[in-house]
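The values are calculated or read from the model by the stated rules, or taken from the named source; none is laboratory data. Here the structure is a predicted model, which is why all the values come from computation and not from measurement. Glycine gets a Cβ as well: all are built from the backbone with ideal geometry, and neighbour counts include every protein chain shown.
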Amino acid sequence: MSKRETAKKKAVAKKITPWEIVQIARDAGRPVISDFIAGMCSDFVELHGDRAFGDDQGMIGGFATIGGERVMLMGQRKGKTVDENIAYNFGMANPEGYRKALRLMKLAEKYGLPVVSLVDTPGAYPGLDAEARGQAEAIARNLTEMAGLRTPVIVVVTGEGGSGGALGIAVGDVVMMLQNAIYSVISPEGCASILWRDGTKAPDAAAALKITAESLLKLGVIDEVIAEPAGAAHSDPAKTIEAVKKAVLKWLVELKKIDTDTLVQRRYDKFAAMGR
């Protein structure tokens with residue numbers, strides 16, 4: 001083996017820090033939900049609006065087919081360009097986004113379709129208008145309804161899983177994370193600012209928060225870690241998307257074997273046991 005190959009192998013094997021994983025999860029080249037829809041789905045019919053206020057561009061969802069399986073697919077939407085990110089509010093959904101997601105989940109329940117939720121958001125939008133329209137209530141209602149949703153729910157955290165904004169579409173029978181995704185009650189910067197009044201301590205906060213897939217698997221918060229290519233998801237998006245598709249299809253088969261009452265009870269027990 002040459003010196004270059006040896007060095008490369010060591011670099012891959014080197015354990016990266018939680019703060020470095022945060023940077024990878026936020027990388028602009030990381031696959032977003034539009035990439036997953038294009039790479040995983042043979043068809044996708046987008047549904048719009050919450051039937052109360054409007055159609056939030058920060059949340060996308062609709063009927064989809066993944067490997068021959070009909071599902072209801074949804075998730076926060078980030079863009080590929082500055083203009084797209086502005087249009088999609090950088091993946092930070094408003095309350096009408098969470099209400100749209102709930103409308104789609106109830107449709108899935110009505111038609112007996114599994115729900116596949118792809119989570120990628122810094123958090124729910126904290127603006128004054130969003131709060132006035134009931135941001136907290138919309139998220140809380142989603143948590144309540146998802147806990148009892150009578151159809152399989154599969155969740156994959158593909159990038160950032162930020163606070164209640166992520167959890168609002170993440171109460172699932174199975175919760176998976178990509179290897180270099182993060183999932184946390186608060187951003188490391190926010191935590192550092194609150195605890196130490198010093199944003200430069202964000203790397204310390206990232207380590208303390210246990211926000212990595214590896215840590216959350218050990219804590220029982222998630223059920224599976226989906227491996228990413230060497231160099232992370234943005235180095236080979238197609239391979240990453242294929243890995244997510246394979247994991248989703250595997251769990252769709254498993255969850256369909258479980259009767260609905262048992263499925264709902266297991267989901268409730270799973271989340272009720274967290275933190276004990």
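Annotations for the structure displayed:
- Residue satisfying all of: in region 44-59; under 19 Å from G161 (Cα atoms) and touching a Gly at 6+ places or on another chain (Cβ under 7 Å); surrounded by the most Cβ atoms within 10 Å (Cβ to Cβ) among these: M59
- Of all residues in region 102-129, those being within 21 Å of S184 (Cα to Cα) and in contact with a helix residue (DSSP H, G or I) (Cβ under 7 Å, 6 or more places away or on another chain) number 9.
- Subset of region 66-112 [more than 21 Å from A124 (Cβ to Cβ), within 19 Å of the chain's Cα centre (by Cα) and modelled with pLDDT of 95 or more]: I66, V71, A108
- Subset of region 232-261 (residues that are over 14 Å from V174 (Cβ atoms) and of a type in the set (V, I, T)): T240, I241, T260
- Selection of region 125-167 for residues being crowded, with 24+ Cβ neighbours inside 10 Å and among the hydroxyl-bearing types (S, T, Y) yields only T158.
Residue-by-condition table, conditions (1) modelled with pLDDT of 95 or more; (2) crowded, with 17+ Cβ neighbours inside 10 Å; (3) not β-branched (V, I, T):
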position	(1), (2), (3)
P188	no, yes, yes
G199	no, no, yes
G220	no, no, yes
V248	yes, yes, no
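- Restricted to region 32-43, and to residues there that are closer than 14 Å to V248 by Cβ, in contact (Cβ under 8 Å) with a residue 60 or more places away in the chain and not aromatic (F, W, Y), the residue that is surrounded by the fewest Cβ atoms within 10 Å (Cβ to Cβ) is G39.
- Segments classed as strands (runs of 3 or more DSSP E), wholly inside region 159-276, with at least 3 members that are under 13 Å from the mean Cα position of the chain (by Cα) and in contact (Cβ under 8 Å) with a residue 60 or more places away in the chain: 174-178
- Some residue of region 95-118 being under 27 Å from E242 (Cβ atoms), hydroxyl-bearing (S, T, Y) and surrounded by fewer than 24 Cβ atoms within 10 Å (Cβ to Cβ): no
- Summed over region 71-94, residues that are more than 17 Å from V157 (Cα to Cα), touching a residue at least 40 places away in the same chain (Cβ under 8 Å) and surrounded by 18 or more Cβ atoms within 10 Å (Cβ to Cβ) total 2.
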